[in-house]
1. Looking at the stretch 42-80 only, could you name the residues that are in contact (Cβ under 8 Å) with a residue 60 or more places away in the chain, assigned to a helix (DSSP H, G or I) and among the aliphatic types (A, V, I, L, M)?
2. Would you mention how many residues in the stretch 82-100 are at pLDDT 95 or above and surrounded by fewer than 16 Cβ atoms within 10 Å (Cβ to Cβ)?
3. Considering the stretch 87-103 alone, what residues qualify as being under 12 Å from Val122 (Cβ atoms) and part of a loop (DSSP other than H, G, I, E, B)?
4. For the stretch 104-195, which strands (runs of 3 or more DSSP E) that fit wholly inside it have 1 or more residues that are closer than 20 Å to Val69 by Cβ and touching a Pro at 6+ places or on another chain (Cβ under 7 Å)?
5. Name every residue in the stretch 49-90 that is touching a Lys or Arg at 6+ places or on another chain (Cβ under 7 Å) and more than 15 Å from Leu213 (Cβ to Cβ), in order of residue number.
6. State which residue is farthest from Glu57 (Cα to Cα) when the search covers only the stretch 116-140 and only residues that are of a type in the set (Gly, Ala, Ser) and touching a strand residue (DSSP E or B) at 6+ places or on another chain (Cβ under 7 Å).
7. Considering only residues of the stretch 129-170 that are at pLDDT below 90 and among the acidic types (Asp, Glu), which is farthest from Ile52 (Cα to Cα)?
Amino acid sequence: MVSPDTAKAQVFGDIRAALSEFSEAQRVEIDLKYRQVSASETPRPAVDGVLIDRFIEKHTAVHGTVSLVSSYSELPATVDEFLHAHNLPPEMVMGNTKFLRTIDWPDEWSIARRPADKSDRVSVTDALCAIAETGTIVVASSSEVSSTHMFLPENHIVVMNIGQLVRHLEDALQLVANAEREHPRAIHMITGPSKTADVEQTIQYGAHGPRRLHAIFVDSSN
């Protein structure tokens, strides 16, 4: 019995053989899809145990922080804890995704759903996924989530479901490739807060982006 992946590769192979009938743009698209379905899986490092434990280990090793909550209703209080811990007012710029709009944020908070500017101190976004292998958060920019949210505010809070945690980098890339919607203009892979040691080999946070990166996972399985 021919596997689905083999069958797809055969179909795209037949199409690829007839590329002369297509426009240049169509040939490029078909060629990319053929490469995607026919590529063999590359060797990957072992990522054993519970994925969230591996993510926390790697994320905190690069000075990111993590919270786990059991329901979406706990998200506002958890964000509030982060704000209080760093003496920040409840003022933030936020992505305008369906996920973030469904959360019952406090009425008294000042929430701006727009691109960030240099005066914003806190941004809140959701994520495409998180990678357990490296402790990386993957955020896709769109009309609803601006790339400025990942660079201008000093504090970046990311909220997501624990089901969005994947094992390897390749799994994250496959999510992008399989997306039914239009591919995002930019994919941001964020591993810890921004830092540099360019000045006298001393670590400085916030050099090229947020000085704090806080991930909040919703795990409703317990």
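The values are calculated or read from the model by the stated rules, or taken from the named source; none is laboratory data. These figures come from a predicted structure and were not determined experimentally. Every residue, glycine among them, receives a Cβ derived from its backbone with ideal geometry; neighbour counts consider all protein chains shown.
1. Those that are in contact (Cβ under 8 Å) with a residue 60 or more places away in the chain, assigned to a helix (DSSP H, G or I) and among the aliphatic types (A, V, I, L, M): Leu51, Ile52, Ile56, Ala61, Leu75, Val79.
2. 6
3. In the first step, residues of the stretch 87-103 are kept if they are under 12 Å from Val122 (Cβ atoms); the result is 87-94.
Matches in the stretch 87-103: Asn87, Leu88, Pro89, Pro90.
4. Result: 122-126, 155-161.
5. Leu51
6. Kept after step one, since they are of a type in the set (Gly, Ala, Ser), are these residues of the stretch 116-140: 116, 119, 123, 127, 130, 132, 135, 140.
So of that shortlist, the ones also touching a strand residue (DSSP E or B) at 6+ places or on another chain (Cβ under 7 Å) come out as 116, 123, 127, 130, 132, 140.
Numbers: Ala116: 30, Ser123: 24, Ala127: 19, Ala130: 13, Ala132: 9, Ala140: 24 Å.
Among them, the one singled out is Ala116.
7. The selected residue is Glu144.
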